[in-house]
Amino acid sequence: MDRYLVQGGVRLEGEIEVSGAKNSALPALAACLLTAEPVLLNRVPRVRDVQTMLGLLARCGASVSQEGGCVRVAASDLTSTEAPYDLVKTMRASSLVLGPLVARCGRARVSLPGGCAIGARPINLHLAGLERLGARIRQEHGYIEAEAPNGLQGATIHFDRITVTGTEDLLMAASMASGETVLENAAREPEVTDLAALLGKMGARVEGAGTSTVRIQGVSRLRGAEHTIIPDRIETGTFLVAAAITGGDLLVKRCDPGHVSALVAKLTQAGAGVSEAGPDGLRVRTAGRLSSADVTTEEYPGFATDLQAQYMALMTQAEGVALITETIFENRFMHALELVRMGADIRIEGRRAAVAGPRKLGGAAVIASDLRASASLVLAALVAGGETVIDRVYHIDRGYEEIEKKLRAVGAKIRRVKAA
Ligand code: EPZ
């Protein structure tokens with residue numbers, strides 16, 4: 001397994017560019033299954049989860065080609081409607097093909113994802129929504145079997161809790177259901193809005209994406225389209241924290257500042273100097289001490305759970321005690337134990353972590369447990385004295401495009417050691 005070796009203590013300086021959003025690319029790729037015509041997607045990040053999704057589309061019979069960030073998917077003849085366990089177990093977002101396959105083919109067989117490092121993460125709300133649209137759902141041998149031989153019918157679906165991929169799955173299914181579907185208590189994440197924009201170009205009739213009530217008038221056929229994926233807001237946030245934690249001066253380019261407002265507010269409160277640099281740039285210039293600022297994760301537009309781990313790394317360097325409350329996933333503090341091994345003072349009680357700082361961190365051998373946890377360990381390693389060895393970086397490869405190359409270009413001393 002590959003590892004990172006990081007020598008801490010370098011201020012990051014320069015310009016760093018954000019890639020397309022992984023969590024937008026994944027539903028966009030799944031949406032390609034809805035049409036027999038080719039779909040062209042630009043700014044698709046070359047990360048492992050995207051490759052897994054492309055593999056899944058190919059297994060369903062779609063023809064897939066990729067050149068740099070440009071991906072073309074042509075799903076004219078689908079030969080399989082199954083998402084097998086070997087793919088779903090490596091990427092839970094595989095369940096995003098459920099809605100499109102049932103809508104287009106009248107059936108789908110998708111492996112149940114099973115447990116996950118950050119929480120139970122069931123997909124019951126996706127299934128309840130599909131049932132509301134008239135699909136028959138059975139669970140057998142670890143698989144979900146969904147059937148709607150006569151097509152899906154529009155309905156009102158009220159999500160018991162806000163779910164991002166659940167909203168996306170149902171948005172795709174409803175696009176080809178007959179009549180009107182209303183999604184209530186829908187996720188408002190920018191990735192949902194981006195998916196709706198792509199579906200709109202494909203001929204779907206969607207209103208209200210980005211608000212908690214989304215209305216979809218189903219159509220019988222969708223066409224091909226071309227679409228550019230939005231910038232990755234979690235990568236953006238990770239770079240902002242990288243600048244702040246190293247006391248650096250970084251221009252984060254090709255981002256959408258509006259998508260990271262909650263983080264920017266916290267960074268500002270903590271004393272990091274963040275300013276807008278044009279319509280798609282953010283500059284962080286931090287001089288002097290950071291002070292602690294409490295955070296509670298929430299659905300968008302609140303503070304993203306996907307930035308909680310990185311923010312925790314930052315708070316180890318801030319004066320005072322920061323309370324970090326995780327409300328989205330029940331087990332998303334695995335990084336805290338590794339940060340403690342590096343010298344951080346973090347106490348966990350249930351869903352709350354108290355981070356006392358500033359603490360001098362020292363390089364240590366640590367293990368990445370999930371994608372964002374890995375990012376937080378890289379950030380901590382950037383300020384730790386000496387060398388940090390981060391094991392299992394395949395987690396970071398799932399969602400960050402060439403992160404070590406990008407960080408190296410702004411001064412970080414990070415290198416990958418390939419598994420023997
Ligand atoms: C998406 O996951 C993201 N993944 C996650 O990013 C992100 O952490 C999460 O949203 C929250 O923002 C993608 O977009 C591919 P949810 P998702 O359904 O859709 C519960 C990353 O690091 N729930 O919004 O799977 C669930 O257990 C990843 O890039 C149900 O109970 O998350 C959780 O507690 C990790 N039943 C909460 O809702 C369901 O049917 C929110 O989950 C669905 C969800």
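With respect to Val50, is the statement that it is more than 21 Å from the chain's Cα centre (by Cα) and either within 19 Å of Leu195 (Cβ to Cβ) or at pLDDT 95 or above (or both) true?
No: the conditions fail for Val50.
Working only within segment 69-97, note down all residues that are within 21 Å of Ala21 (Cβ to Cβ) and modelled with pLDDT of 95 or more.
Those that are within 21 Å of Ala21 (Cβ to Cβ) and modelled with pLDDT of 95 or more: Gly69, Cys70, Val71, Arg72, Val73, Leu96, Val97.
Part of a loop (DSSP other than H, G, I, E, B), within 16 Å of the ligand (Cβ to nearest atom) and buried (at least 23 other Cβ atoms within 10 Å of the Cβ): which single residue out of Val44, Val50 fits that description?
Just a single option satisfies the conditions, and that option is Val44.
Looking at segment 40-65 only, could you name the residues that are free of Cβ contacts under 8 Å to residues at least 40 places away in the same chain and charged (D, E, K, R)?
The one that is free of Cβ contacts under 8 Å to residues at least 40 places away in the same chain and charged (D, E, K, R): Arg59.
Which residues, taken from segment 287-310, are touching a residue at least 40 places away in the same chain (Cβ under 8 Å), crowded, with 20+ Cβ neighbours inside 10 Å and away from the ligand (no atom under 14 Å from the Cβ)?
Selection gives Leu290, Ser292.
Using the structure shown, decide if Glu235 is within 30 Å of Leu101 (Cβ to Cβ), of a type outside the set (Val, Ile, Thr), surrounded by fewer than 24 Cβ atoms within 10 Å (Cβ to Cβ) and modelled with pLDDT of 95 or more.
Against the criterion (within 30 Å of Leu101 (Cβ to Cβ), of a type outside the set (Val, Ile, Thr), surrounded by fewer than 24 Cβ atoms within 10 Å (Cβ to Cβ) and modelled with pLDDT of 95 or more), Glu235 does not qualify.
Looking at the structure I just gave you, is Ala313 among the aliphatic types (A, V, I, L, M) and within 14 Å of the ligand (Cβ to nearest atom)?
Judged against the criteria, Ala313 is not a match.
The conditions are (1) surrounded by 20 or more Cβ atoms within 10 Å (Cβ to Cβ); (2) touching a Gly at 6+ places or on another chain (Cβ under 7 Å); (3) not polar (S, T, N, Q), and Ala62 fails exactly one of them. Which is it?
Result: Ala62 fails condition (2) only.
Quick one: would you say Thr305 is in contact with a strand residue (DSSP E or B) (Cβ under 9 Å, 6 or more places away or on another chain), within 25 Å of Asp370 (Cβ to Cβ) and modelled with pLDDT of 95 or more?
Here the answer is yes, as Thr305 does meet what is asked.
List the pairs whose first member sits in segment 196-217 and is within 20 Å of Ala25 (Cα to Cα), whose second member is charged (D, E, K, R) and at pLDDT 95 or above, and whose Cβ atoms are under 7 Å apart, counting only residues at least 6 apart or on separate chains?
Met202/Arg223; Gly203/Arg223; Gly210/Arg188
Residues are listed down the side, and each one gets a yes or a no for (1) in the same structural domain as His335 (by TED's automatic domain parsing); (2) over 30 Å from Arg332 (Cα atoms); (3) more than 9 Å from the ligand (Cβ to nearest atom):
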position	(1), (2), (3)
Val102	no, yes, yes
Arg109	no, no, yes
Ala120	no, no, no
Leu130	no, no, yes
Gln139	no, no, yes
Ala148	no, yes, yes
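Right, Leu34: of a type in the set (A, V, I, L, M, F, W, C) and either surrounded by fewer than 24 Cβ atoms within 10 Å (Cβ to Cβ) or closer than 19 Å to Gly399 by Cα (or both) or not?
Taking the combined requirement at face value, the residue does not satisfy it.
Can you find even one residue in segment 170-186 that is of a type in the set (Ser, Thr, Tyr), in contact (Cβ under 8 Å) with a residue 40 or more places away in the chain and under 16 Å from Glu299 (Cα atoms)?
no
Name the residue, out of Ile162, Ile216, Ile144, that is within 16 Å of the ligand (Cβ to nearest atom) and over 21 Å from the mean Cα position of the chain (by Cα).
It is Ile144.
Go through segment 319-344 and give me each residue that's surrounded by fewer than 24 Cβ atoms within 10 Å (Cβ to Cβ), among the aliphatic types (A, V, I, L, M) and in contact with a Ser or Thr (Cβ under 8 Å, 6 or more places away or on another chain).
Val321, Ile328, Met334
If you take the residues of segment 245-266 that are in contact with a Phe, Trp or Tyr (Cβ under 9 Å, 6 or more places away or on another chain) and part of a helix (DSSP H, G or I), which of them is surrounded by the fewest Cβ atoms within 10 Å (Cβ to Cβ)?
The extreme case among them is Ala265.
Take Val6 and tell me if it is outside the structural domain of Asp86 (by TED's automatic domain parsing), within 30 Å of Ala244 (Cβ to Cβ) and surrounded by fewer than 24 Cβ atoms within 10 Å (Cβ to Cβ).
The answer is no for Val6.
For segment 321-420, please list each of the helices (runs of 4 or more DSSP H) lying entirely inside it that holds at least 3 residues being touching a residue at least 60 places away in the same chain (Cβ under 8 Å) and more than 16 Å from the ligand (Cβ to nearest atom).
The helices (runs of 4 or more DSSP H) meeting that bar are 371-383, 403-409.
Being closer than 30 Å to Ala244 by Cβ and aromatic (Phe, Trp, Tyr) is the requirement here; does Tyr85 meet it?
no
Considering segment 285-314 alone, what residues qualify as being hydrophobic (A, V, I, L, M, F, W, C) and within 23 Å of the chain's Cα centre (by Cα)?
Val295, Phe303, Ala304, Leu307, Ala309, Met312, Ala313, Leu314
The values are calculated or read from the model by the stated rules, or taken from the named source; none is laboratory data. Since the model is a prediction, treat every value here as computed from it, not as a measurement. Every residue, glycine among them, receives a Cβ derived from its backbone with ideal geometry; neighbour counts consider all protein chains shown.
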